[in-house]
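Any read-out appearing in this document is the output of simple, stated calculations on the displayed coordinates, not a laboratory observation. This one's a predicted model, so the numbers in the text were calculated from it and none came from an experiment. For neighbour counting, all protein chains shown are included, and Cβ atoms are generated from backbone atoms with ideal geometry for every residue, glycine included.
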Amino acid sequence: MGLTDKCAVTGIGETEYSKNSGKSVVALQMEASLKAIADAGLKPNDIDGVIPYGNLQVVAEDFITNLGIQDLRYSAVTPLGGASAVAAIQAALSAIASGVANNVLIPIGRNGSSGERIGARMQSMPQFRVLGEFEMPSGNIAPPQLYAHMARRHMELYGTRSEQLAEIAVTVRSHALLNDNAVMKKPMTIEDHQNSRMISDPLRLFDCCLESDGGAAVVISASDQAKDMAQKPIYIMGVAEGHPDSPSIITQRPDMTTLGTAKAAPRAFGMAGIGPKDIDVAEVYDCFTYIVMCQLEDLGFCKKGEGGDFVSDGRIALGGELPINTHGGLLSQSHIVGMNHVCELVKQLRGAGGKAQVANAEIGLVTGYGDMGDGSVAIMRN
C-alpha cells in the first residue's frame, strides 16, 4: 500500500522506570521527549506535531509551553488505553504522509505506582459507562477481574493451563534481568509463579503487570528526511488498529477469546506485504499473561487455542523461534502504557538491544492493547 515505508522512527527516549519517580507526570513526559528529540538529532522547535497520551493529564499546549515549539501544526489524541501508543503511530504516519507535519512527537508518561492507580480511575472513564452500569455494581471493578473471565473461557474451550501462562511470566522476567532499566530484578521460576497468590481466578499475582512510574517517547519523521538524521531510521512497514465487538463489556462478546488485534493484524501485515513468519522479534503488550497468549493467536503466529503450546519450551525466549518482550515488558520492566515496547523494538532493529539483542533482527512487530479489547499493531524494519 501507499503508506509503507513513508515514515520512520527517528528518535526514542526513556526516563528511569521506578515505583516512585518523585516527579510530576509533565516532568516525566518532557524528560522523555527531550531525550527522543535529541536522539533524532533535532531541536524541540523542529517538532511540528504531537500526539499526547489520551488520559489528558498532559496536553499539546504543555509541549508548546515547555519545549518552546513555535509552530505546532498538528495535534491529536488516540484514547485507546494501552493500544494508544501504537495507534498514535498510525495517526502520525497519516499526518506526515498527507503533508500536515514533518516530525511528530508521541510521548507517554505516568505515575502509575506513586500516583492514581488504574483500578480507581476506570470507574470514571467514559468508555466504561456500560460496564459501570451493569457489572461494577456486582463487584466487577478491577482489570484482573475483567480479564479473568477471558482467561477462564480460553481454559474451558482449549484446555489452557496456568503453567502455560507461567511460561510467559518467567520468560519476560528472564529478559528483564538483562535490562538495567527494569523495575523487577529478582529471578522467577514456574514454581514461584504457581505459588504466587491468586488475584482473580485463574490469574495469579505474577500474571499481572506492574504499576510503575516513568516516561517514554518517540519521534516519527518523513522517510526522505529520516535518512539524513542522527540515527539509523527504522521504517514503518505497516500499522493498524482494531476494535472488538461489544467493546465495553467483555462478557457480552460473541467470542471472549478474540481481541481487536484480530482485526488489526491482517491490515498491518497486508500493508507491510509480509506475514507472521517474517517477524524476527515481537514486543507484545502484556498487561496480563493471558493477553500475550491471546494476541499471539490473533496475530497469526499460531491458531486459536494453540497459544498455550506456542509459548512453551522456550519458543518465545531469547534464542527461540519468536523472542518477545526482550526488555521485560509491562510484566517485569515497567508499565508505560506500551511506549516502552515501541522503544525496545526500535533498539532491537538498530542493533542496540544490549544483552537482550536478538541476532540478525531485521523485521519486528509491536502491539498495543487497551480498554478491554482494542488492539493496535505496527510492523517495522531496519
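On full extension, the segment bounded by T65 and R129 gains 19.7 nm, given 0.36 nm per residue less the C-alpha separation. With neighbour counts taken as other beta-carbon atoms within 10 Å, the residues I69, I190 rank, fewest first, as I190, I69.
Annotation for K43 and Q194: the two label points, set 7 Å from Cα along the Cα-Cβ direction, are 6.1 nm apart. Of the cross-linked pairs K185/K304; K232/K263; K232/K355; K277/K304; K227/K277; K6/K227, those separated by over 23 Å at the C-alpha level are K185/K304; K232/K263; K227/K277. Annotation note: trypsin sites (Lys or Arg not before Pro) in the stretch 140-228 located in DSSP loop regions with a Cβ neighbour count of at most 16 within 10 Å are R161, K185, R197, K227. Distance between the modelled labels on D201 and R73, one decimal in nanometres: 5.9 nm (7 Å Cα→Cβ projection).
Per-residue 3J(HN,Hα) values for the stretch 273-282, derived from phi via the Karplus relation 6.51 cos²θ - 1.76 cosθ + 1.60 with θ = phi - 60°, read x, 9, x, x, 5, 8, 7, 8, 8, 9 Hz in sequence order (x marks Gly and Pro).
Normalising the Debye intensity of the stretch 299-362 to I(0), with uniform scatterers on Cα atoms only, and taking log10 at q = 0.13, 0.19 Å⁻¹ returns -0.39, -0.80. Rounded to the nearest 0.05, the FRET efficiency derived from the C-beta distance between A97 and D228 at R0 = 22 Å is 0.75.
With neighbour counts taken as other beta-carbon atoms within 10 Å, the residues L210, L365 rank, fewest first, as L210, L365.
Computed from backbone phi, the HN-Hα couplings of the stretch 374-380 come to 5, x, 9, 9, 10, 10, 10 Hz, rounded to whole numbers (Karplus: 6.51 cos²θ - 1.76 cosθ + 1.60, θ = phi - 60°; Gly and Pro given as x).
Here the extension length gained between S246 and K277 equals 8.1 nm, from 0.36 nm per residue of separation less the Cα-Cα distance. Here, the chain is characterised by an Rg to Rh ratio of 0.94, where Rg is the alpha-carbon radius of gyration and Rh the Kirkwood radius.
Shown for K232, K186, K263: other C-beta atoms within 10 Å of each C-beta, ranked fewest to most, produce the order K186, K232, K263. What's the whole-number percent of alpha carbon pairs in the stretch 257-372 lying beyond 21 angstrom? Looking at the stretch 257-372, the distances longer than 21 Å represent 31 percent of pairs.
A Förster distance of 45 Å, applied to the separation of the beta-carbon atoms of K6 and L177, puts the FRET efficiency at 0.75. Each residue of the stretch 226-241 is assigned a 3J(HN,Hα), and the resulting list reads 4, 5, 9, 8, 5, 10, 4, x, 10, 7, 8, 7, x, 7, 7, 10 Hz, derived from the Karplus form 6.51 cos²θ - 1.76 cosθ + 1.60 (θ = phi - 60°), x at Gly and Pro. Would you mind classifying the stretch 265-331 by shape? Square roots of the alpha carbon gyration tensor eigenvalues, ordered a ≥ b ≥ c; an a/c under 1.5 is rounded, otherwise it is prolate if a/b is larger than b/c and oblate if not. Because its axes are fairly even, with a/c under 1.5, the stretch 265-331 counts as rounded.
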